[in-house]
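A short write-up of the structure that comes next.
Every read-out reported here was derived from the displayed coordinates using simple, explicitly stated rules and does not represent laboratory data. These numbers were taken from a predicted model, which means no experiment stands behind them. Backbone-built Cβ (ideal geometry, glycine too); neighbour counts: all protein chains shown.
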């Protein structure tokens, strides 16, 4: 049982249970996904933030079109935000009825050495944030929780992007990389507040 679950409302409990029960997102086969993944790998190799952002946007546009959900906006930022609680890889921010699109932010450089993130790590983070979007728009959940089912759905998206990748996540995969659904007083929630305080100055090259 995740920390803080005892505070859930009944509607949250239902959303949590449903999230845990759905273990895969079946993406219709499309050559466009393969093309998009290859373009993202090429863009990341250039270390050019803007090229990575364009390729990331195009890839998530393809997934959204195939799954028939509203598109979202992708921002690729520079160095990962960090404090003594940890390091943020990605963040999903719903529009919550505003005229803007839901937003995904992904950081492409490590916090300490400023190295470009490994391609598979970056791709999984990007699809992790897409998975939050799909919780709301595809599964129609009221909340998006980091359940075991959520991580299995994330891995199913990775498998659609990179066939041959195991769909079942490893234990290391289950470590949360963002905190969109963290309990209010958890370390992850404090990291989220810290990240949002610094994103005004992002993206950087």
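For the residues 35, 54, what sequence is obtained by ranking on other C-beta atoms within 10 Å, fewest first? Let's see the in-between values first.
Numbers: 35 13, 54 16.
Least crowded to most crowded, the residues run 35, 54.
Can you classify the stretch 33-73 as rounded, prolate or oblate using the Cα gyration tensor, where a ≥ b ≥ c are the square roots of its eigenvalues, rounded means a/c under 1.5, and otherwise it's prolate if a/b beats b/c and oblate if not? Walk me through the intermediate numbers first.
Working: a/c = 5.28, a/b = 1.82, b/c = 2.89.
Here the stretch 33-73 falls in the oblate category.
Assuming 0.36 nm per residue, please report the length gained on full extension of the stretch residue 32 to residue 111 beyond their Cα-Cα distance. Kindly include the intermediate steps, with their values, before the conclusion.
Numbers: separation 79, 0.36 × 79 = 28.44 nm, distance 3.22 nm.
Computed gain between residue 32 and residue 111 is 25.2 nm.
Taking the mean number of other Cβ atoms within 10 Å as a proxy for protection, how do you rank 132-139, 115-122 from highest to lowest?
Values: 132-139: 21.2, 115-122: 15.1.
Ranked by mean Cβ neighbours within 10 Å, highest first: 132-139, 115-122.
Note the full-extension length gain between residue 65 and residue 96 as 0.36 nm times their separation in residues minus their Cα-Cα distance, in nm to one decimal.
Values: separation 31, 0.36 × 31 = 11.16 nm, distance 2.08 nm.
Difference between extended and current length: 9.1 nm.
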